[in-house]
Structure formats: structure tokens, C-alpha cells
1. Counting only pairs 8 or more residues apart or on different chains, how many lysine pairs in the chain have their Cα atoms under 27 Å apart?
2. Of (1) 1.13; (2) 0.95; (3) 1.84, which is the value of Cα Rg over 2.2 N^0.38 Å derived from the coordinates here?
3. Taking the stretch 1-56, which trypsin sites (Lys or Arg not before Pro) meet the DSSP loop condition and have no more than 15 other C-beta atoms within 10 Å?
4. Which value, in debye to the nearest 20, gives the size of the charge dipole of the stretch 11-127 about its Cα centre, when Lys and Arg are +1 and Asp and Glu are -1 at the Cβ?
5. How about the stretch 1-107: which GluC sites (Glu not before Pro) there are in a DSSP loop, with at most 13 other Cβ atoms within 10 Å of their Cβ?
6. Tell me what the chain gives for mean residue ellipticity at 222 nm when only DSSP H runs of n ≥ 4 count, each as -39,500 (n - 2.57), the sum divided by the residue total, rounded to 500 deg cm²/dmol.
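Values quoted throughout were computed directly from the atomic coordinates according to the rules given, and no laboratory measurement underlies them. All values derive from a computational prediction rather than experimental measurement. Glycine also receives a Cβ, built like all others from the backbone with ideal geometry; neighbour counts cover every protein chain displayed.
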Amino acid sequence: MEKPVDGMFRAFADVTRLRILHLLTRRDLSVCEIMATMEVPQSKISRHLGYLRDSGLVVSRTQGQWRLYSLAEPTTRFQARALHCLKDCFDEVAVLKADMARLKVVGPLCAARRKRLAESARNKRKG
């Protein structure tokens, strides 16, 4: 049986999962925002989000037709410190810095898309 700390280190050992976790230290994100920010296919993002959910580091919730992902509440002091370090110590890593810059651009685009889809769904229900 895998220990929680093993799963956390495995999550941190993969650059895609590390990038996702770093983005989620800032705010809740949809798959659209993550894949557009990282310029990675949806299937790869979904697979890594599944791993992060299974490891207990990420949770998801449904908001309308969208699924939003966020960091799970830390269950151990070690996990809390590792996530804190990810948020505050890794900002100088080039790929993570670039992700944060892209998120500022793509985040509003995905939010606008979410809004259009929600309005379209409401109009279909009315019509």
C-alpha cells in the first residue's frame, strides 16, 4: 500500500503534475485554463489531474457544465509545507514563471467561453 508521502513525491516528480499544482496554488482552474496555459492536450491534462486527485492533492467540483480543480486541504503538516514551498519557492523556475504569465492571458478567454456556453444552455432551456 502506497503511503501518502510516496504519492506526494511521485506527484511532485513529474513536470506536468508539478506545473498543474503550481497553477492551482494561485486559484481554482478549469481544464480549459490548464491546457491553454500549459499548451498541452486535454487528454494529458485529464490523466495527470486524475493522478493528482487519486494522490489526494487535488479536488474537483462542478460549476454548471464545468469542472473546476483546486488544491485539496493538506492532511499533514508535511503536505502543507510542501505545497507552501511550491507556491512561494518555485516562482523562479522558468517554465513555471512562463505558465503564470500565460495564465493571465488565457484565463479570461476561458472564462468568456464558459460564460457563452452557460448563456447558450440557458437559452436552449427557455426555447
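1. Close lysine pairs found across the chain: 11.
2. Derived directly from the coordinates: (1).
3. In loop regions of the stretch 1-56 (DSSP not H, G, I, E or B), the sparsely surrounded trypsin sites (Lys or Arg not before Pro) are Arg26, Arg27.
4. Dipole magnitude for the stretch 11-127 comes out near 720 debye.
5. Sites meeting the loop and neighbour criteria: Glu2, Glu39, Glu92.
6. Calculated at 222 nm, the ellipticity per residue is -22500 deg cm²/dmol.
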